[in-house]
Amino acid sequence: MIKSEKEYKAILERIEELLAIAENIENPDAKGFVELNLLSDLVADYEEAHFPILPPTLAEAIKLRMHERGLTQKSLSDFLGVSSSRVSEYLNGKSEPTLKIAREISRKLDIEASIVLGV
C-alpha cells in the first residue's frame, strides 16, 4: 500500500526504469516483470483512491457522441426532436432535458441513463 505522495512518485520513477527494459514487459519469468506488475497494481490502487475518475457530465457525454457520430447541433436537434437552441442549452449546462427527452437522449445516443439523469 502506498502511504504518501512521495512514495507514489518514487514508485512511478521505478516503473519508468523497469519499462525501459523490454524483457520486463515481454518475459513473465523475468524478475523485473514481477516487480513491474506488483508496482503497477500498487499505483493503480493509489490512483483510484486519490484521483478518482468522475463520470462525465451530460454535456460531455452528448458532445462525445456528437463527435463520434459526426452530428452537428442542428442534426442532433432533428434527431432528438427538439430545437437547436434547446440542444445548445443542454450542451452549455443551462438547462436539463425533460424526462421524455432524457429517455430519447439515452436511447438514441446510447448514453447511460444515470449520466442523462445526473445520478
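Only residues that are part of a helix (DSSP H, G or I) and exposed (fewer than 14 other Cβ atoms within 10 Å of the Cβ): list them for region 15-24, please. Answer for region 15-24, where residues must be part of a helix (DSSP H, G or I) and exposed (fewer than 14 other Cβ atoms within 10 Å of the Cβ): Glu16, Glu17, Leu19, Ala22, Glu23. Answer with yes or no whether Ser84 is buried (at least 16 other Cβ atoms within 10 Å of the Cβ), over 30 Å from Ala10 (Cα atoms) and polar (S, T, N, Q). Against the criterion (buried (at least 16 other Cβ atoms within 10 Å of the Cβ), over 30 Å from Ala10 (Cα atoms) and polar (S, T, N, Q)), Ser84 does not qualify.
Only a single criterion out of (1) assigned by TED's automatic domain parsing to the domain that holds Arg14; (2) of a type in the set (D, E, K, R); (3) at pLDDT 95 or above is not satisfied by Lys31, namely (3).
Note on region 44-115: enclosed helices (runs of 4 or more DSSP H) holding 2 or more residues that are hydrophobic (A, V, I, L, M, F, W, C) and more than 16 Å from the chain's Cα centre (by Cα) are 73-80, 84-92, 99-109.
Among the listed residues Leu76, Leu54, Leu38, identify the single one that is over 27 Å from Val119 (Cα atoms) and among the hydrophobic types (A, V, I, L, M, F, W, C). Reasoning before the result, please.
Details: Leu76 fails: over 27 Å from Val119 (Cα atoms); Leu54 fails: over 27 Å from Val119 (Cα atoms).
None of the others qualify; the one that does is Leu38.
With surrounded by fewer than 13 Cβ atoms within 10 Å (Cβ to Cβ) and in contact with a helix residue (DSSP H, G or I) (Cβ under 7 Å, 6 or more places away or on another chain) as the only criterion, which of Lys74, Lys63, Lys100, Lys31 stands out? Exactly one residue qualifies, and that residue is Lys74.
Of all the listed residues (Val43, Val87), the sole one being modelled with pLDDT of 90 or more, in contact with a helix residue (DSSP H, G or I) (Cβ under 7 Å, 6 or more places away or on another chain) and under 30 Å from Glu7 (Cα atoms) is Val43.
The values are calculated or read from the model by the stated rules, or taken from the named source; none is laboratory data. If you're wondering where the values come from, they're calculated on a predicted model, not measured in any experiment. Note that each Cβ is placed from the backbone with ideal geometry, even for glycine, and that neighbours are counted across all protein chains shown.
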